1. Hey, among Gly19, Gly67, Gly30, Gly120, which residue is on the phi > 0 side of the Ramachandran plot and under 26 Å from the mean Cα position of the chain (by Cα)?
2. Would you check which residues across the stretch 16-48 are more than 16 Å from His121 (Cα to Cα) and either not assigned by TED's automatic domain parsing to the domain that holds Ala76 or not hydrophobic (A, V, I, L, M, F, W, C) (or both) and list them?
3. Do we have Ala82 as under 24 Å from Leu17 (Cβ atoms) and crowded, with 17+ Cβ neighbours inside 10 Å here?
4. Which strands (runs of 3 or more DSSP E) does the stretch 25-134 wholly contain that include 1 or more residues that are of a type in the set (D, E, K, R)?
5. Give me the pairs: first residue in the stretch 114-126 and assigned by TED's automatic domain parsing to the domain that holds Ala136, second residue among the small types (Gly, Ala, Ser) and part of a loop (DSSP other than H, G, I, E, B), beta-carbon distance under 7 Å, and six or more apart or on different chains, which are they?
6. Residue by residue through the stretch 21-34, note down the ones that are buried (at least 19 other Cβ atoms within 10 Å of the Cβ) and out of contact with any strand residue (DSSP E or B) (no Cβ under 8 Å at 6 or more places or on another chain).
7. Just to verify a result, which residue in the stretch 197-217, among those that are at pLDDT 85 or above and surrounded by 14 or more Cβ atoms within 10 Å (Cβ to Cβ), is nearest to Ala97 (Cα to Cα)?
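The values are calculated or read from the model by the stated rules, or taken from the named source; none is laboratory data. Since we're looking at a predicted model, the values are computed, not measured. No Cβ is skipped: glycine too gets one built from the backbone with ideal geometry, and neighbour counts run over all protein chains shown.
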Amino acid sequence: MTAPGRPGRVLVAGTGLIGTSVALALRERGAEVWRTDADDAAARLAADLGAGTVLPDLRDAKGIADGAVLAVPPAAVAAMLAHAQDCAVAGWYTDVASVKQLPVAQARELGCELSSYVPGHPLAGRERHGPAAARADLFLGRPWALCPLPETSPSAIEAVTALVVACGADPVHAEPATHDRWVALVSHAPHVVAAAMAARLAPSSVPADALRLAGQGLRDVTRIAAGDSALWAQILTANAGPVAEVVAEVAEDLAAAARLLAALPQPASPVGALAGTAGVTNLLDRGRAGTGRIPGKHGGQPRNFAVVQVVIADRPGELARLFNAAGAAGVNIEDIRLEHSPGLPVGVAELSVRPGEVGVLLDAMEAGGWPVRR
């Protein structure tokens, strides 16, 4: 980075979702971005998307960048760091791997120069992967973990922090071991749970007609299970201990709920159900309390918003018209969720707003001709 908040020359090694999104975000801030990847086709596609200039060989790139972002899988970070440092391509280095202890230990084993290395991990992503899924706004308002080592120089930390801010993310500092424990809870174990639920939908287990009843709840629970299996297998292996602890605790809760439900009369009478499901209710109440602790928009404190339901036609321009009406009324839509049943000509937009703005929004929606419900 040439100055605080101003991108300079950056090399991004890796053209997956995260690496290409970093490049697109930096390009929007005026950075000169170089790209390298073992997959020539992926590197060319990223370049065609405007994510920088392809660099065929790091051995010909001494001093080409101020800094380098190593957007490669966890097990490849240390080797890429060693190679990039041998080629002297940049003054500082960071990575985006979702585990930190493994690449740090391997970098030490390989004798990498650690004063210029700031381990990092953006907590952002999508269920899709590859350069075609990349977005310049992927990191806006998202936390980005930085895990400086005792050897890391202040100048490297300052430069990587500036890169994170330039991408629109919020830097959060943690030690590598602490980071891995935290992400086991908030990222890695949830992926395993989602995959386990999605696995129940295999053709051998569930007839296609049953899935015609699927609603948004099933989609919400299983969405992240569509991620890259090979990458996630490597992530889970690299953080196996902390993930195993969280998954085991979740499994205990689920097993206890299964035992309680199985013990109910079949079919359960209303009285029997109320008497026998106190433990299940306790789990549901704990779950509600847990969701309330998840930080709100931009990582701030969770806030209670009111939800206004608006029936919206399934045709081009309706969402834009709805947002314009809310904006004209001076109401900020804090969040939106769309419910749309296949085959129906309408859906429901659930708009989250500040409680004090509900009346204003209802009036604006009704004036625009939308059926609304709170």
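1. One residue alone meets the criteria, Gly30.
2. Arg27, Glu28, Arg29, Gly30, Glu32, Arg35, Thr36, Asp37, Asp39, Asp40, Arg44, Asp48
3. Considered against the rule, which asks whether it is under 24 Å from Leu17 (Cβ atoms) and crowded, with 17+ Cβ neighbours inside 10 Å, Ala82 comes out as no.
4. The qualifying strands (runs of 3 or more DSSP E) are 32-36, 92-95.
5. Ser115/Ser153; Ser116/Gly91; Ser116/Ser153; His121/Ala97; His121/Ser98; Pro122/Ala169
6. Ser21, Leu24, Ala25
7. The first filter runs over the stretch 197-217 and keeps only residues at pLDDT 85 or above, leaving 197-201.
Cutting the leftovers down to surrounded by 14 or more Cβ atoms within 10 Å (Cβ to Cβ) gives us 198, 201.
Working: Ala198: 25, Leu201: 30 Å.
So, considering only residues that are at pLDDT 85 or above and surrounded by 14 or more Cβ atoms within 10 Å (Cβ to Cβ), the one nearest to Ala97 (Cα to Cα) is Ala198.
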